[in-house]
Structure formats: C-alpha cells, structure tokens
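**Student:** Below you will find the structure I want to go over with you.
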Ligand SMILES: [Cu+2]
C-alpha cells in the first residue's frame, strides 16, 4: 500500500471550517459541533506494505487510514496539458480564480494511509503512483483474508469507511440508517472528529472474482455518514480482491505486472461541506450568489482522480506487460462516463474494446497488454465532459 503525501496533498495546516448550503441539516449540525478542531501532521513516512499476519484461514491485512483535511489542486500544472497551451476560455470557467470564482483549489477531506496507529506521519506515495491523485490508499486482500482498517477521522465532521463487496456485520458497515441496531453497532456509522474506529471486513469467496472475472475484482470504499456530501468532500478509494492462491504477498495478482486505477467523477464542489469555506478562502469579491448558474457550473470539476485537463502525473506502463485497469464512476445523473484509451485496447469480461461504460458507483476491470508506445490520451468520450476537462494521458515506454 502506498499513500499520497506531497506538496499538494499534505494535510491542510489551516483548514477553514466547512459549511455550505446544499448538504444536510444533520451534517451542518455535526459540523457546527466540531468547528475549530485542530489539525494534524506534516511530513511523510516511507511507503510500506500493509501489516499482515498469517492465519490458517488466510492473512489479516491491517491498514491504518485517516480522513484528513487537505487543500487539493485540480490543476496543479497551471495549464492545459492536453493542448499544451494555456487554459482557454472554456477551461477558465472551471480553473480560474477571480471575482466570485473559487478556481482550481478546494479544501477537501481525503483518505490517507499511515504506517502505524500513531497516525503521526502519512505514508509517502511514490512518484509512480502519484497519478492516483485524490484517491485514498488502495486496500487489497486475497479471498480468505481478513481486512482490518484502523480508521482515524481528522475531518471537522463525522466520517466513516464503507466498503463494497466484502463481508461485514452491522458493527463494520460504516453507514447510519434505521436498521434495528443500536449501541456499539452504531459506532462505525460516523466516527467523530478525532475519533478512531477499527473496521473488520471478511473476504469470502463471494467477494472475490466471479466466473467471468480475471484473477482479481474491483471494489470501492467511501465514507457513508452523510454519503453524498462525504463523497464530494473527496472520501473515496479502491479496494481490490484477488482470487485465492493467485496473490503476491502484497495482495495483487501474480498474473498482472501493473495495476492502474482511475475514478471518473464530476465532483460537485457546490455540494461539498466546504463550499462556504472555499468561497471565503479563494473567491475574490463580490461574494457569489449560490444560485447563480455560472457560479454553480464553475464548481463542477470534471475530473479523473481529481485532475482536469491532463494535469497531474501520468500513469506509465511498459510495452508488453500485463496491465490491469481498475475503473470507477461516482456522482449523480450527469456521471455517465465512457473512458476511452487511445493507442491500445483492453478486454473487459472477455470482450475486446477501447471504451468502457461507467455510471455512478459502477466499477469495471479492464486488462491491457500495450503494444503501442507513446503518450496517449485517456479520456471520457462524453462531449460535454471533454470540453469540461475530463481528460488525462497515459504513457507506454519500451
Ligand atoms: Cu464523462
């Protein structure tokens, strides 16, 4: 497991209190209750694999993950890396800071990995994985394993970790709703600011690859305390389960040389708990009207892993190696995405293609053996999303 930790993604030392009009009153009340909470941590530890302990039934893989306030930049390169030119007028709608415009930087809450339960220094994400952007650490397991996540919430509102696919009981689901439980079974639903909860998830056969899958299957995790606001705050990550007997020590499949992860999401910063804080911090006067259509549009960040217009690092592959792409969509009804690779093709469920269909919270696994070297476009094929910057590149060397 590796983790993001660099100039753009270190925990924000001066987080503005979250606020905003569009998230629920319930969240608003919780946020008000924790305003002014102190924040963590600077610096990074070396990347390490998760701690694991062998048992007769598989390994216990232990991850230390915190939800941290982070100042995120959707366009850290400051130019359109797809055209190679300065941002044009269409791009400036989203990335240019100014009167009544927030620009490309937003306060967010992101999952970050740590080497131990001290939560002192986040794991450093190596350069080769910095294309992961604002995604949380990749959580991995092999069928038969147990995943244990020691989760610390440093965000100024309650958050959780809710996994897809794996087996959990009511104490480990990470989602509050009327389910007939109470007491300790609610402790996982929303971890308060400064609180810690240990989630234990089993990885039975039904969490692993099905008959049409390859040697691993793509899942996700996200915060589900105030689900929509939490996800727009940025609390999202991948979880991958490898078939029994097909995993390397780190949990990745033995028949894959490289894995690449991509989240396609129109991040609606208007619905983030930090909207008002971001206006206060980044928008010049006059203060925008929250119903102004142009202002609302300017905060719809059509991003891949939290980057727009080809900004951020590229994933780099080698010609001939076996590459597995894990894809995820997230968001709302505008989030129908069609990731398209230039230059190379993939197989999805045994069928050849170079375009995949994604809807909100859908997941896809695509295998590629690149034969074409070069820098290639990897973008959403939806017209409006192309204009809005849902474009990245990947590189094949050798
Ligand atoms: Cu799209």
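The values are calculated or read from the model by the stated rules, or taken from the named source; none is laboratory data. Predicted, not measured: the structure shown is a model, and the values here were computed from it. Neighbour counts are summed over all protein chains in view; Cβ atoms, including those assigned to glycine, are modelled from backbone coordinates with ideal geometry.
**Student:** Could you tell me whether the stretch 347-361 includes any residue that is under 16 Å from the mean Cα position of the chain (by Cα) and under 22 Å from residue 256 (Cα atoms)?
**Tutor:** Quick first cut of the stretch 347-361, residues under 16 Å from the mean Cα position of the chain (by Cα) only: 358-361.
In the following step, the residues that additionally are under 22 Å from residue 256 (Cα atoms) were identified as none.
The answer is no, given that none of the residues of the stretch 347-361 is under 16 Å from the mean Cα position of the chain (by Cα) and under 22 Å from residue 256 (Cα atoms).
**Student:** Of all residues in the stretch 60-86, how many are over 25 Å from the mean Cα position of the chain (by Cα) and either at negative phi or buried (at least 17 other Cβ atoms within 10 Å of the Cβ) (or both)? Spell out the reasoning first.
**Tutor:** Just the residues of the stretch 60-86 that are over 25 Å from the mean Cα position of the chain (by Cα), to begin with: 83-86.
Restricting the remaining residues to those that are either at negative phi or buried (at least 17 other Cβ atoms within 10 Å of the Cβ) (or both) gives 83, 85-86.
So the count comes out to 3.
Quick grid of which residues meet (1) within 16 Å of the ligand (Cβ to nearest atom); (2) in a strand (DSSP E or B):
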position: 237; (1), (2): no, yes
position: 240; (1), (2): no, yes
position: 249; (1), (2): no, no
position: 255; (1), (2): no, no
position: 265; (1), (2): yes, yes
position: 276; (1), (2): no, no
position: 294; (1), (2): no, no
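**Student:** Looking at this structure, is residue 143 more than 22 Å from residue 231 (Cβ to Cβ) and in contact (Cβ under 8 Å) with a residue 60 or more places away in the chain? Lay out the reasoning, then the answer.
**Tutor:** Numbers: more than 22 Å from residue 231 (Cβ to Cβ): yes; in contact (Cβ under 8 Å) with a residue 60 or more places away in the chain: yes.
In short, yes.
**Student:** Given 333, 321, which one is over 24 Å from residue 72 (Cα atoms), modelled with pLDDT of 95 or more, within 14 Å of the ligand (Cβ to nearest atom) and part of a loop (DSSP other than H, G, I, E, B)?
**Tutor:** On the way: 321 fails: within 14 Å of the ligand (Cβ to nearest atom).
None of the others qualify; the one that does is 333.
**Student:** Name the residues in the stretch 72-116 that are more than 26 Å from residue 377 (Cα to Cα) and part of a loop (DSSP other than H, G, I, E, B), would you?
**Tutor:** Matches in the stretch 72-116: 97, 100, 102, 115, 116.
**Student:** Counting just the residues of the stretch 358-377 that are within 12 Å of the ligand (Cβ to nearest atom) and surrounded by 15 or more Cβ atoms within 10 Å (Cβ to Cβ), which one comes out farthest from residue 335 (Cα to Cα)?
**Tutor:** In the first step, residues of the stretch 358-377 are kept if they are within 12 Å of the ligand (Cβ to nearest atom); the result is 358-360.
This time we only want the ones that are surrounded by 15 or more Cβ atoms within 10 Å (Cβ to Cβ), so: 358, 360.
Details: 358: 8, 360: 6 Å.
Here the residue is 358.
**Student:** Another question, then. I'm trying to understand the selection: among the residues of the stretch 296-310, which are part of a loop (DSSP other than H, G, I, E, B) and away from the ligand (no atom under 16 Å from the Cβ)?
**Tutor:** Initial filter on the stretch 296-310 (part of a loop (DSSP other than H, G, I, E, B)): 299, 305-306, 308-310.
Hit for the stretch 296-310 is 299, nothing else.
**Student:** Within the stretch 369-384, does at least one residue satisfy the condition of being modelled with pLDDT under 95 and either closer than 28 Å to residue 95 by Cα or more than 23 Å from the chain's Cα centre (by Cα) (or both)? Spell out the reasoning first.
**Tutor:** Of all residues in the stretch 369-384, those modelled with pLDDT under 95 come to none.
No, every residue in the stretch 369-384 fails to be modelled with pLDDT under 95 and either closer than 28 Å to residue 95 by Cα or more than 23 Å from the chain's Cα centre (by Cα) (or both).
**Student:** Kindly provide the set of residues from the stretch 166-202 that are in contact with a strand residue (DSSP E or B) (Cβ under 8 Å, 6 or more places away or on another chain) and over 23 Å from residue 119 (Cα atoms), ordered by number.
**Tutor:** Hits for the stretch 166-202 are 166, 167, 168, 175, 202.
**Student:** For the stretch 346-357: of the residues being part of a loop (DSSP other than H, G, I, E, B) and touching a strand residue (DSSP E or B) at 6+ places or on another chain (Cβ under 6 Å), which is farthest from the ligand (Cβ to nearest atom)? Break it down into steps so the answer makes sense when it comes.
**Tutor:** Our first condition is that a residue be part of a loop (DSSP other than H, G, I, E, B); within the stretch 346-357, this holds for 349-350, 354, 356-357.
Right, trim to touching a strand residue (DSSP E or B) at 6+ places or on another chain (Cβ under 6 Å) and you get 354, 356.
Details: 354: 16, 356: 11 Å.
Out of the qualifying residues, it is 354.
**Student:** Same structure again: I'd like to verify a number: residues in the stretch 381-398 that are under 16 Å from residue 266 (Cα atoms) and either in contact with a helix residue (DSSP H, G or I) (Cβ under 7 Å, 6 or more places away or on another chain) or more than 11 Å from the ligand (Cβ to nearest atom) (or both), how many?
**Tutor:** Filtering the stretch 381-398 down to residues under 16 Å from residue 266 (Cα atoms) leaves 381-392.
Going one step further and asking which of them are either in contact with a helix residue (DSSP H, G or I) (Cβ under 7 Å, 6 or more places away or on another chain) or more than 11 Å from the ligand (Cβ to nearest atom) (or both), we end up with 387-389, 392.
Total satisfying the criteria: 4.
**Student:** Among the residues of the stretch 316-327, is there at least one that is in contact (Cβ under 8 Å) with a residue 12 or more places away in the chain, within 22 Å of residue 274 (Cβ to Cβ) and surrounded by 24 or more Cβ atoms within 10 Å (Cβ to Cβ)?
**Tutor:** no
**Student:** A further question follows. Could you please give the count of residues in the stretch 304-330 that are under 14 Å from residue 93 (Cβ atoms) and within 17 Å of the chain's Cα centre (by Cα)? Explain how you work it out, then say what you get.
**Tutor:** Just the residues of the stretch 304-330 that are under 14 Å from residue 93 (Cβ atoms), to begin with: 308-309.
With within 17 Å of the chain's Cα centre (by Cα) added as a condition, the list becomes 308.
Total satisfying the criteria: 1.
**Student:** Just to be sure, is residue 313 in a loop (DSSP other than H, G, I, E, B), in contact with a helix residue (DSSP H, G or I) (Cβ under 8 Å, 6 or more places away or on another chain) and either free of Cβ contacts under 8 Å to residues at least 24 places away in the same chain or away from the ligand (no atom under 16 Å from the Cβ) (or both)?
**Tutor:** Numbers: in a loop (DSSP other than H, G, I, E, B): yes; in contact with a helix residue (DSSP H, G or I) (Cβ under 8 Å, 6 or more places away or on another chain): yes; either free of Cβ contacts under 8 Å to residues at least 24 places away in the same chain or away from the ligand (no atom under 16 Å from the Cβ) (or both): yes.
When the stated conditions are applied, residue 313 passes them.
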